[in-house]
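Colleague: Next up is a structure, given as structure tokens.
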Amino acid sequence: MKKTQNPIKRILHYLDHRRITLFWTMAVIGLTAPWLASCDQIPGIGPSAMACDVRKVYDGDTMTLYCGGEVTKVRLYCIDTPEMGQKPWGRESRDVLRALAGNRVVLIPKEKDRYGRTVGVVLSGDEDRENLNLAMVWSGDAAVYRKYCHDSDFYVAEDNARQIRAGVWERPGLHQTPWVWRKRKLH
């Protein structure tokens, strides 16, 4: 009768005779594990970024996206655009966002707002990954939402749009401050 061996020796003996199988198993795990761990991530952007299909653009700062099997209503971070009732600026702002977004975008969620929408940065779906939030301000189709924005890039973009009198900065009015227009509309 054979003497019972140490469990570690038994494992080593077993593996010694199956080296090729072990090698290929470890190779497959080593090659696929990083890919599987990052399959929902967008390279170079970060773990929270998600590729999304554009379902609807409501106005210049709100859209519905389909990301990872879920429908997500998104409010663009740092910006505020004229409301649809602020003609013609609301419609123009919405149309610019539609044109910039196309059919695919990348969403980087930041937080939820009081209405349950995801507040986030939206990037173009192409390889350029243009920040659409910032592009809306550069084009003059959005104002910096000062109450919620602490990113100096947005203030620089707005100053530039004001200087060249682009979009809402073409002429003065409440379309430049949608948050004031909404407040007056409620009273």
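The values are calculated or read from the model by the stated rules, or taken from the named source; none is laboratory data. Because the structure is predicted, anything quoted here is derived from the model rather than measured. Counting neighbours? That spans all protein chains shown, and the Cβs are built from the backbone with ideal geometry, glycine included.
Colleague: For region 42-94: of the residues being in a helix (DSSP H, G or I) and either within 12 Å of the chain's Cα centre (by Cα) or not charged (D, E, K, R) (or both), which is modelled with the highest pLDDT?
Modeller: Of everything passing the filter in region 42-94, 93 is modelled with the highest pLDDT.
Colleague: Which one of these is out of contact with any strand residue (DSSP E or B) (no Cβ under 7 Å at 6 or more places or on another chain), on the phi < 0 side of the Ramachandran plot and buried (at least 19 other Cβ atoms within 10 Å of the Cβ): 151, 141?
Modeller: Numbers: 151 fails: buried (at least 19 other Cβ atoms within 10 Å of the Cβ).
Going through 151, 141 in turn, the sole match is 141.
Colleague: Additional query: Considering every residue within region 130-144, establish whether at least one is outside any helix (DSSP H, G or I) and of a type in the set (Val, Ile, Thr).
Modeller: Scanning region 130-144, I find at least one residue that is outside any helix (DSSP H, G or I) and of a type in the set (Val, Ile, Thr), so the answer is yes.
Colleague: When you check residue 161 against the structure, is it within 18 Å of residue 94 (Cα to Cα), in the same structural domain as residue 86 (by TED's automatic domain parsing), surrounded by fewer than 19 Cβ atoms within 10 Å (Cβ to Cβ) and modelled with pLDDT of 90 or more, yes or no?
Modeller: no
Colleague: Can you name the condition, by its number, that residue 167 falls short on among (1) modelled with pLDDT of 95 or more; (2) surrounded by 23 or more Cβ atoms within 10 Å (Cβ to Cβ); (3) of a type outside the set (Val, Ile, Thr)?
Modeller: Unmet for residue 167, out of (1) modelled with pLDDT of 95 or more; (2) surrounded by 23 or more Cβ atoms within 10 Å (Cβ to Cβ); (3) of a type outside the set (Val, Ile, Thr): (1).
Colleague: Continuing with the same structure: With respect to residue 129, determine if the residue is in the same structural domain as residue 88 (by TED's automatic domain parsing), under 18 Å from the mean Cα position of the chain (by Cα) and on the phi > 0 side of the Ramachandran plot.
Modeller: Criteria met by residue 129.
Colleague: Quick check: anything in region 142-150 in contact (Cβ under 8 Å) with a residue 60 or more places away in the chain and of a type in the set (D, E, K, R)?
Modeller: no
Colleague: What number goes with the only condition from (1) over 26 Å from residue 64 (Cβ atoms); (2) touching an Asp or Glu at 6+ places or on another chain (Cβ under 8 Å); (3) not hydrophobic (A, V, I, L, M, F, W, C) that residue 140 does not pass?
Modeller: (1)
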